[in-house]
Amino acid sequence: MKNSTLLFSALPAALLLSACNTTATENKQATAGQAATTPLPVISPVIPADAQFHEPFSLESLQHDFDVFSWESFIALNWPAASVGVADTSVNIGQKPGAATVWQTYKESRDIFLPNGATPPPWGKDLPPPSVCGDQDLPVLNQIAKVPNNVLDESAEPFQTGPLVDQNGQYTRFEILTNDVMFNYIAEKNLYSKSGQEAFATEADFPFGTDSQVGSIMLKASWKVLGKNDAPEKFHTTKAYVYDNPDEHAGVKAACKLQTVGLVGFHIGTKLKGNPQWIWSTFEHVDNAPTQGEAINKKHYNYYKPDCTDCAAVNTPPPRPWNPGNAYTQPTQVMRVIPLDKPTKELNASYQAALEKLVPGSVWVNYELISTQWPTNADSKTDPTGAPAPAFLANTTLETYIQGTVRQTSSSCIQCHNNATMTSGKFSDFTYLLQRAQ
Amino acid sequence: MTNTSKYDVVIVGSGISGAIVAYQLGLAGKKVLILESGPTVPADRSGYMETFYKANAKTPESPYPPATQGAVPSSANNPLGLPNPAGENIPRYTVLQVGAWQKKDQCYFDYPAQVEGIDGTSLNANFAFASSYERLGGGTTWHWLGTCLRLFPEDFKMKTLYGQGEDWPGGDAFYQSLVPFYETAAKEIGVSGDKDAMEKLYRQFYVNPEGIYGSDYNFPMPGIDQTLQDELYAGITDMTYEGNPVYVTPTPQGRNSRPDERRQCAGNTNCIPICPIQAKYDATVTLARAEQTGNVEIRYQHVACNIRLDDKQQVCGIDYLTYDQPNGIATGSGTAVAERYVLAAHAIETPKLLLMSNKNPGFENGVANSSDQVGRNLMDHVMYLGWGLAKDPIFPYRGPLSTSGIESLRDGAFRKDRSAYRIEIGNEGWQWAADDPGTTLADFVFGQNNSQLNGNSKNKQGEELRFNPQLPAFSKLFGKQLVNTLNGVYTRQLRLGYLIEQLPDPENRVQLSTTLKDNLGLPRPHVTYRLASDYERKAFVSAKELTTELFAKVGATEYTKDPGAPVFSGKPEELTATNFQYKDDKGVTHNFRFYGAGHIVGTYRMGDSKETSVLNARQQSWDHNNLYMVGSGVFPTIATGNPTLTIAALAFQAAGHILEDLSA
Amino acid sequence: MDIMSTFVGLSSVLTGFAQDILAPRLDTTNIKTLYLQSWTENITQETGDAGLVNTILQQYAELQAAGKSDEEIGEQLMNGNNSPAFVLACQKLIFLWYMGAWPDVNAQPGTETGGFTTSSLLSAESYTSGLVWQVMQAHPMGDSNYRYGYWAEQPPALSDFTGN
Ligand SMILES: Cc1cc2nc3c(=O)[nH]c(=O)nc-3n(C[C@H](O)[C@H](O)[C@H](O)COP(=O)(O)OP(=O)(O)OC[C@H]3O[C@@H](n4cnc5c(N)ncnc54)[C@H](O)[C@@H]3O)c2cc1C
Ligand code: SF4
């Protein structure tokens, strides 16, 4: 004590401050160095029930551990499916391009919240596509028993911030899904209908995971229709009914087309033990958009045209009227606002290398983790959001127009979902899904 | 000149009134062009939010462009760095300008010189106007509170019932014709409200509940939960005041009590100046719906500056100027042409536009102004603020800025004599009243007493106001004692706001400044504003008296500060802006300061006759029948409710008239 | 103890908020760094005394090392024999933590108000970090992490906010 007192009284304050900063940077470098020397990560079809933490704990170390959890989840969820919710362990991820993944067999929002609050079909069963899609069956894509009725019926980002239009002038499509744990809770508690929610006396509280059991998982995926200048071999693809939903915006006419779509964005929300705010992982296709302040060095981006003089302003939605049925809409010019952290980039590189090593040419090397948001103070009595780190997190395909670093308005998974409620006005446990009940 | 005659209707202004008209016309397949002077609605409100977070003075206008403070380096004469309106393309009046009303390089409005030889009670004294508005896509509802009250039938026949003010054209019949539009307006805004509570009020004022809220009518969403503070007043059950019962009514409000396409209110306690999560309705919602029809085009940064008439005295075009930078040069000009025209630029800019349009033969005093009523009868709800400390914590600064009010005093026989008012129960502690939490904090940290909590202050009842009598005056606290003291104060802060009905006065008016211009060379408004009858001043005395009574009733200590006597002459910074006095029957002189409610009303009023009004009851110009005007400028009186639900209802009604006329 | 821990300890004594509220172990905003910097720069500039900040920190550290309680340390710092500039610098630090703004104090002793204070915010983040919102058991205006209807319920206890 005496020593340090002497030490800093001898130094001018400004110097002391920079000394302080140096320590922080040194720490970071240490973590980064570590990541670079560790062997390639293990690629496994098992969805992790919990994250593995390594002492000594710091913001950086915990971020790393959560990021590893995110990658493990992403890989297991994107493993080819053998049956509903079950991975096909006879193959490796990347070996069956275009095969339905585990998560694609999960329950889609349109199969949960039905007109008039009708009871949804049980886990593993879904509804036929909208009648305009015709009765054509989806071509058999793979060997698994259940062929999902992939219907992409959403084209709007949350809170009417706008659609995302790709370089071919087509609207990006979205879907939200839940795993069995989450769906069963909704089904058991009758939370799929307005009346069920009205009768539900408490706030929603989806099951946590345990040390060994996977808890509630919700997913949101964004897909682009593959077309001109898109290289299908770089995407995880699927055939889907791309449906223009008249309920989405005034003036939209029901229409449906079976198309090949490529995965461009992927959110995973997991209710991990000890984290009532959930853990939020978000992934993107590596070619989505360049980052502000970094080099623009790709010839082709999914949502950015380099050297463009007559493009829309960056991160600005097209003017209304919005209509996914339009033959062509001026493409959105997207840039990432918050750069990826260096340690996350390094982690991405090591996972991508492992995926490539496992299956050379794997499409999955074209995906990257943007970050994982987690509560640093999950049990806070005064802050229900638990002080998330990082404070802001956005996926350029899912929160295109609200990227940034302004509290309450810029995209932060936990802060925003903290306000989610059911149709009854009661807290819905961090999901906006329940307000879709009719 | 651009040929833009592919439109059926041109609308000036994209606030709630313009947006509603545009939406309705667009739905009916009419082609609409909106000229909006301000910048486009941003895809993300983060920019506004960040400006707000950083603003030292968190005024209603603080989030919005152009910057209201810190625009120039601060100086002794301009501590907050207010911009010079002469250099701005779309200057607007902000509440920071109220105190700077005599500084022409800071205040957008030009004011007449103060009358000589007056005292505080003189009825001809000039004051600063105390309310503000926005000029940007979506207009002023960006920072409205969201209070959505209907007016009462009595409000529409003040002259007949009380011999004061004016009747609305048609009186009762006008009210009845408006009822269905009130319902449509509430739906558009998505009002959350408690039907039972409103019916109690309507019974009191003889508004037949069957006729008004039919059994199948209900608010679009259930009422917003009331605050802990509301409960305190809700305990008042046996009180009457000047013949009326006194009770609390939950306020119907334009914020989501349930989620829909926007989020449910999360109580960010920031409805004014900006709701971060858009749980509060603002006109950008309706504007988006209008654009979604595919028939409405909005041109931003297009400043309407002149209305052209043809030789049949019909409007044949509206000239505009365009700009790229808020302080840059004009970058273009043009004329918007359509069959019909609607002015929706709010109650300062609309009359200004009419008056600026003075080149048309026969209308040298301005378009639509054969009555000479354009710009006259400028009104606001002049506000009295009373504040105090509750006995026990009631935890303000949490939840919407106001969730309840006292509506039961909005009409009565007293209205012959003095203004009626509604009372808003404020949930922002002493933020508005005393610039808290900063004032109280500075007092207890630095040993000052601007909050009256840390010195030798007494209230008018003679009660000692020092928060902790065990502590010496001018205490400087730290650590636990600071924590406990601040907690004790902040969690008990109460505020009442009285929205006092101001009578129409033809001399309260907007004219064109003959000397001051904005950056586009357009004349700035010259505003004459007075409290020229004792009618309103007596209501201040009543408000003061009732505040004391209400606080006593709930066991609170009153901290309302005497604002001091007005200063009418001296250096610009010494002059008061809104202070006045009233000498009551007992010979007691009361000092008052009025605040603005943000309700700018009356400058192009409707009426029964061409001679005394600008518009007929269809909100159509008497002089030019293809010209309509909407917004609170059309109100003949300001009445006792916040104006915007009525503005919205009238806009729906006007849209119907325009559609009728277009198909005729 | 490094300078930051000393600064946080001093800040805790002065503000009445626990150290792990001012500077949580996992500190996502790291507002303390901004405050130490701003306090140092402003005090140095205003007083012209480049050593004052360190004098204050050192005195705190010594009292702390001597095993004094927070109350005793506070008394000693604020009501001991320290110079007016020393005390004012401590008060300004309190104000900074509470408002996230740097104060300009116009003392007018002997008047009814004792003078007045204006202030200038450091940043958007310092506004939302202000302890003043915590001490009132609320949230920064415009930045609530609570949920619909919370205002109809009692808030968490004051001690949950202050950590003491
Ligand atoms: C602090 C505050 C709180 C309020 N709270 C409430 C409340 O709780 N309840 C309530 O009922 N009311 C409230 N109000 C009042 C309410 O905000 C207004 O009544 C309402 O917004 C007016 O709508 P408007 O469409 O008529 O005008 P505005 O919304 O002002 O729109 C006018 C538009 O015209 C544009 N314009 C101006 N000049 C030109 C020009 N020359 N050319 C082209 N365009 C132009 C402007 O840019 C603006 O967009 C409040 C007001 C304030 C200031
Ligand atoms: S209280 Fe907050 S969330 Fe609710 S409307 Fe007001 S600002 Fe928006």
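Annotations
- Fraction of accessible area attributable to carbon and sulfur, the protein assembly as shown (%, probe 1.4 Å): 50
- Counting only the Cα atoms, the protein assembly as shown fills a convex hull of 178 Å³ per residue.
- Computed from backbone phi with θ = phi - 60° and the Karplus coefficients 6.51, -1.76 and 1.60, the 3J(HN,Hα) list for the stretch A:211-226 is 4, 10, 9, 6, x, 5, 10, 10, 10, 9, 10, 10, 10, 10, 6, 7 Hz; x is used for glycine and proline.
- Radius 13 Å from Cβ of residue B:294, net charge of other residues (Lys, Arg +1; Asp, Glu -1): +3
- DSSP-assigned coil residues among trypsin sites (Lys or Arg not before Pro) in the stretch B:563-646, each with at most 11 further Cβ atoms within 10 Å: B:586
- Share antiparallel - DSSP beta bridges, the protein assembly as shown, percent rounded to 5: 85
- Taking every alpha-carbon pair under 8 Å whose residues sit at least 6 apart, the stretch C:82-161 reaches a relative contact order of 23 percent.
- Hydrophobic long helices, here whole DSSP H runs in chain A with Kyte-Doolittle means of at least -0.5 and Cα atoms spread over 20 Å or more along the helix axis, are found at A:13-37, A:59-77.
- When the residues B:445, A:84 are ordered by accessible surface, computed with a 1.4 Å probe over the protein chains alone, the sequence from largest down reads A:84, B:445.
- Taking chain B and dividing mean pair separation by its residue count, relative contact order in percent (alpha carbons under 8 Å, at least six apart): 21
- Neighbourhood charge, 14 Å Cβ-Cβ cut-off, centred on residue B:493 and excluding it, Lys, Arg +1 and Asp, Glu -1: -1
- Ordered from longest to shortest, the equivalent ellipsoid semi-axes for chain C are 27, 20, 16 Å, each the square root of 5 times a Cα gyration tensor eigenvalue.
- To the nearest 10, the accessible area of residue B:308 is 90 Å² with a 1.4 Å probe.
- Helix C:70-79 axis, angle to chain C major axis (alpha carbon atoms, nearest 10°): 50
- Taking amide H positions as modeled 1.01 Å from N, with prolines and chain starts lacking one, the residues under 5 Å from residue A:175 and 5 or more places away or on another chain are A:221.
- Sequence of A:50, B:225, A:310 when ordered by accessible area, the most exposed leading, probe 1.4 angstrom: A:310, B:225, A:50
- Cut-off under 5 Å, modelled amide H: who pairs with residue B:11 long-range: B:33, B:34, B:35, B:342
- C versus A: buried accessible surface, summed, Å² (probe 1.4 Å, to nearest 100): 2700
- The stretch C:3-162 - percent relative contact order, Cα under 8 Å, separation 6 or more: 20
- The C-alpha atoms of chain B define a longest principal axis, and helix B:346-356 lies at about 40 degrees to it.
- For the stretch B:115-194 versus the stretch B:472-494, the gap between their alpha-carbon centres in whole angstrom: 40
- For residue C:117, distant residues with modelled amide H under 5 Å away: C:106
- Among beta bridges identified by DSSP and lying wholly in chain B, the antiparallel ones come to about 75 percent.
- Under the Debye formula (equal points on every Cα, no solvent term), log10 I(q)/I(0) of chain A at q = 0.06, 0.07, 0.10 Å⁻¹: -0.26, -0.35, -0.71
- 10 Å Cβ neighbours from other chains, averaged over peptide C:26-36: 4
- Helix B:16-27 axis, angle to chain B major axis (alpha carbon atoms, nearest 10°): 40
- Centre separation in Å (Cα based) which lies between the stretch B:217-272 and the stretch B:612-664: 29
- Per-residue SASA remark: residue A:413, around 10 Å² accessible (1.4 Å probe; ligands, DNA and RNA not included).
- Separation between Cα centres of the stretch C:43-65 and the stretch B:23-56, rounded to whole Å: 51
- For chain B, the mean residue ellipticity at 222 nm estimated from helices alone is -7000 deg cm²/dmol, where every DSSP H run of n ≥ 4 contributes -39500 (n - 2.57) and the total is divided by all residues, rounded to the nearest 500.
- When Rg and the Kirkwood Rh are both derived from Cα coordinates, the Rg/Rh ratio for the stretch B:247-361 amounts to 1.10.
- Phi-based couplings in Hz for the stretch A:393-407 (Karplus 6.51, -1.76, 1.60; Gly and Pro marked x): 8, 9, 9, 5, 9, 10, 10, 3, 9, 10, 6, x, 9, 10, 4
- Across the stretch A:380-385, rounded Karplus estimates of 3J(HN,Hα) from the backbone phi angles (6.51 cos²θ - 1.76 cosθ + 1.60, θ = phi - 60°) give 3, 7, 10, 10, x, 7 Hz, Gly and Pro being marked x.
- Exposure check, 1.4 Å probe, all protein chains in place: residue A:171 carries approximately 10 Å² of accessible surface.
The values are calculated or read from the model by the stated rules, or taken from the named source; none is laboratory data. Quantities reported herein were computed from a predicted structural model and do not represent experimental measurements. As a convention, Cβ positions derive from the backbone with ideal geometry for all residues, glycine included, and neighbour counts pool all protein chains shown. SASA here: full protein model, heavy atoms, side chains in, ligands and nucleic acids out. Shrake-Rupley method; radii C 1.70, N 1.55, O 1.52, S 1.80 Å.
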